[in-house]
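First comes the structure, then the notes that go with it.
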Amino acid sequence: MSVLAQASTTSLSRYNTAQGSAGDPQYGSTSRDFCNSFWGPGDDGVNILFSRMRGATKTTDELRQFWNERALIEEQYATRMAALAKSALGGEEIGELRNSLDTLRLETEKQSASHSSLAASIRSNLESQTSMMHAKQVNHRRNVQAAVEKKFKAKQTHESYVAKAKEKYDGDCKRIQTLSAQCASLQGKDLERAQLKLRRAQQTVQANEMDFSNFTQALLDMTPGWEADWKDFCDACQDLEEDRLEFMKDTLWAYANDISTVCVNDDSSCERIRQVLDNLEAERDVENFVVKYGTGNLISDPATFVPYDVHDGALPSEQVPITRPAQFNRISRRVVTHYTQYHGEGSQHLEDGSRHHGDGTHHHHENGHQSSPPESPGAQIWAQEPQPIRQPPVASQPHPQQLIYQARRSSHHNGPLGAPPNMDPPPAPSQTPLQRQHVPPPVSILTATAKPNRVSGPLPIPMSHNQPLEEQPPMPTPPPQTEPQETGAVLFYVKALYDYTASIEEEFDFQAGDVIAVTSTPDDGWWSGELLDEARREEGRHIFPSNFVCLF
């Protein structure tokens, strides 16, 4: 795998001249060993290698500090998770909810242990090994690099002596040459003075020549020893660098494996929590609570007053408690709301009602039916007793609350609670050009058995307990609109009282409890709208009978 060249921001950036030089600094050599790559004119090769080794030691120390902080984070996290796992949670619960909360605490404790083990592994396997590598680098710098740096300074000192002696010697030679040329053109006393200066210069150049020769010989004598020491130092640095780079790779790889293991353990804990939650059913837990702790369905009538007969003188006999069974019909106003998105990344609900987890497994419930919560908030609502919305009262009509009360009493004695009251059907609608226009659905929706279009007619009669009602229920009265609404805007919401199956393409099916957003309320009773559940919407289907719904 190729590595992209990046601009250097290290201490070596000022030495990065190899790429910019016109020639090949290796002069055609294929060797890239340190002992053959850090020579050249000047002292740049030595300074680069010294800087590299100092930077390598600093990096190792920084990594050691990183491991220390990382282990500290895991230790603190594990401690807080352990304390959280021991905190009170669901002690007053029973059934599957109690089991789910106990599993949550147990898996939290396991996660705490897993992260605590990760912290110990970081300290024992990563931080300690990195500290040993750092100690090895420090020892190399103190015992090997320090000695080479000392010899390098001595070499630089001799080179400076040679440079200064050469400068003096060259200056004296130029001066003698100048004075000799002057003596050839002067006469008399000027010639004598020039000759005197020439003799002094010749004496000085002899001393400087001696110094220049001695310094050059001293530098020449120490050069073989320096070259041998520098070659050994380069080999030692290359060995140490190769060890350090392999160590870094192995250490970071081990760290990635440890983190991955903890992530897998955490995911397994979450999966075990999900598996327990698959057994949690609200209805079943409520039923189990009633079975285990219910006190019965007998309602005791209050004691009646029996006066004491002063003439008879006998005490009143003990009354036998009078009871009656509770035969109420539940009126639920509960709206099912999603507190978590089951169809997100971690869990999805399929069309058959099963739940799909992130690991690719499908979970069904053991009691024979599948868990199928609504696909979007408000899409499905628990069945509750419908209360038909009546027309505003007039002077000759009783109060609406009285009507509702009478309707409930009538249904209690003459039929099941919740059945629509007997009302006169609405008048037959009239066909208008702007109403009941057939909007053909997309080709993908049309089938070979499509039903024929129907001209607007009377509203259908709902079915109650698989039997048609004797009379048509009324249409709900739309709430008054204070401001004009845009075409296609939602006017209000209604809830379905009965199931309905479409008879033409522009109608849509719905079930009792579905919430519908109303966009138009024609006088013929066939209103326009769409299901709040987007997954069940079909393009081109927007008509529904208004006598099958009530205001929501």
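The values are calculated or read from the model by the stated rules, or taken from the named source; none is laboratory data. Bear in mind the structure is a predicted one, so any value in this text is a computation, not a measurement. Please note: Cβ atoms are built from the backbone with ideal geometry, for glycine as well, and neighbour counts cover all protein chains shown. Heads up: the accessible areas ignore ligands, DNA and RNA and are worked out on the full protein's heavy atoms, side chains in. Shrake-Rupley method; radii C 1.70, N 1.55, O 1.52, S 1.80 Å.
I need the full set of residues from segment 40-74 which are of a type in the set (K, R), out of contact with any Cys (no Cβ under 8 Å at 6 or more places or on another chain) and farther than 20 Å from A119 by Cβ, in order please.
Of everything in segment 40-74, those that are of a type in the set (K, R), out of contact with any Cys (no Cβ under 8 Å at 6 or more places or on another chain) and farther than 20 Å from A119 by Cβ turn out to be R54, K58.
Listed here are the residues, each with its yes/no results for (1) at pLDDT 95 or above; (2) crowded, with 18+ Cβ neighbours inside 10 Å; (3) in contact with a His (Cβ under 8 Å, 6 or more places away or on another chain).
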position: T487; (1), (2), (3): no, no, no
position: L497; (1), (2), (3): no, yes, no
position: T501; (1), (2), (3): no, no, no
position: I504; (1), (2), (3): no, no, yes
position: V515; (1), (2), (3): no, yes, no
position: T521; (1), (2), (3): no, yes, no
position: W526; (1), (2), (3): no, yes, no
position: E530; (1), (2), (3): no, yes, yes
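Just a yes or no: is a residue in segment 224-238 of a type in the set (S, T, N, Q), touching a residue at least 40 places away in the same chain (Cβ under 8 Å) and within 26 Å of V148 (Cα to Cα)?
Within segment 224-238 (the criterion being of a type in the set (S, T, N, Q), touching a residue at least 40 places away in the same chain (Cβ under 8 Å) and within 26 Å of V148 (Cα to Cα)), the answer is yes, since at least one residue qualifies.
Which pairs have Cβ atoms under 6 Å, sit 6 or more apart or on different chains, and link a residue in segment 321-338 that is within 30 Å of T304 (Cβ to Cβ) and of a type in the set (S, T, N, Q) to one that is exposed (fewer than 10 other Cβ atoms within 10 Å of the Cβ) and modelled with pLDDT of 85 or more?
T323/S300
Among what's in segment 231-284 and is open to solvent by less than 50 Å² (accessible area, probe 1.4 Å) and in contact with a His (Cβ under 9 Å, 6 or more places away or on another chain), pick the residue that is farthest from C35 (Cα to Cα).
That would be E281.
Going by the conditions given, is V306 among the β-branched types (V, I, T), at pLDDT below 90 and open to solvent by less than 80 Å² (accessible area, probe 1.4 Å)?
Against the criterion (among the β-branched types (V, I, T), at pLDDT below 90 and open to solvent by less than 80 Å² (accessible area, probe 1.4 Å)), V306 qualifies.
Could you grab the pairs with beta carbons closer than 9 Å, sequence gap of 6+ or different chains, first residue in segment 103-125 and within 14 Å of Y77 (Cβ to Cβ), second one not in a helix (DSSP H, G or I)?
Filtered contacts from segment 103-125: E109/K86.
I need the full set of residues from segment 532-551 which are more than 11 Å from Y493 (Cβ to Cβ) and either open to solvent by less than 50 Å² (accessible area, probe 1.4 Å) or acidic (D, E) (or both), in order please. I'd like the intermediate steps shown before the answer.
Taking segment 532-551 first, the residues more than 11 Å from Y493 (Cβ to Cβ) are 533-548.
Correct list: D533, E534, E538, E539, G540, I543, F544, P545, S546, N547, F548.
Taking segment 29-52 as the region of interest, how many residues are open to solvent by less than 50 Å² (accessible area, probe 1.4 Å) and within 40 Å of the chain's Cα centre (by Cα)?
Of the residues in segment 29-52, 0 are open to solvent by less than 50 Å² (accessible area, probe 1.4 Å) and within 40 Å of the chain's Cα centre (by Cα).
Which of the residues that make up segment 137-150 are of a type outside the set (V, I, T) and buried (at least 16 other Cβ atoms within 10 Å of the Cβ)?
Listed by number, the residues that qualify are Q137, H140, R141, Q145.
Would it be correct to say that A119 is within 30 Å of A85 (Cα to Cα), open to solvent by less than 60 Å² (accessible area, probe 1.4 Å) and not β-branched (V, I, T)?
Answer is yes for this residue.
If I ask for residues that are aliphatic (A, V, I, L, M) and without any contact (Cβ under 8 Å) to a residue 24 or more places away in the chain, which ones from segment 251-307 would you list?
Here is the first cut: in segment 251-307, the residues aliphatic (A, V, I, L, M) are 252, 254, 256, 259, 262, 264, 273, 276-277, 280, 282, 286, 290-291, 298-299, 303, 306.
Listed by number, the residues that qualify are L252, A256, V264, A282, V286, V290, V291, A303, V306.
If you check Q472 against the conditions, is it in a loop (DSSP other than H, G, I, E, B), in contact with a Pro (Cβ under 8 Å, 6 or more places away or on another chain) and either within 28 Å of T337 (Cβ to Cβ) or at pLDDT below 90 (or both)?
In short, yes.
Which residue pairs have Cβ atoms under 8 Å apart, sit 6 or more places apart or on different chains, and have a first residue in segment 197-212 that is over 15 Å from T178 (Cα atoms) and part of a helix (DSSP H, G or I) and a second that is small (G, A, S) and open to solvent by less than 50 Å² (accessible area, probe 1.4 Å)?
N208/A165; D211/A165; F212/A165
Name the one entry in N279, N214, N265 that is of a type outside the set (S, T, Y) and farther than 30 Å from D102 by Cα.
Details: N279 fails: farther than 30 Å from D102 by Cα; N265 fails: farther than 30 Å from D102 by Cα.
Of the residues listed, the single one that is of a type outside the set (S, T, Y) and farther than 30 Å from D102 by Cα is N214.
Out of K197, K153, report the one residue that is under 30 Å from S51 (Cβ atoms) and open to solvent by 60 Å² or more (accessible area, probe 1.4 Å).
K153
Is it fair to say A228 is closer than 24 Å to I48 by Cα, among the hydrophobic types (A, V, I, L, M, F, W, C), under 60 Å from the mean Cα position of the chain (by Cα) and open to solvent by less than 40 Å² (accessible area, probe 1.4 Å)? Don't jump to the end; show me each part of the working.
Values: closer than 24 Å to I48 by Cα: yes; among the hydrophobic types (A, V, I, L, M, F, W, C): yes; under 60 Å from the mean Cα position of the chain (by Cα): yes; open to solvent by less than 40 Å² (accessible area, probe 1.4 Å): no.
No, not satisfied.
Could you check L186 against (1) part of a helix (DSSP H, G or I); (2) among the hydrophobic types (A, V, I, L, M, F, W, C); (3) farther than 30 Å from G55 by Cβ and say which number it fails?
Tallying (1) part of a helix (DSSP H, G or I); (2) among the hydrophobic types (A, V, I, L, M, F, W, C); (3) farther than 30 Å from G55 by Cβ, L186 fails exactly one: (1).
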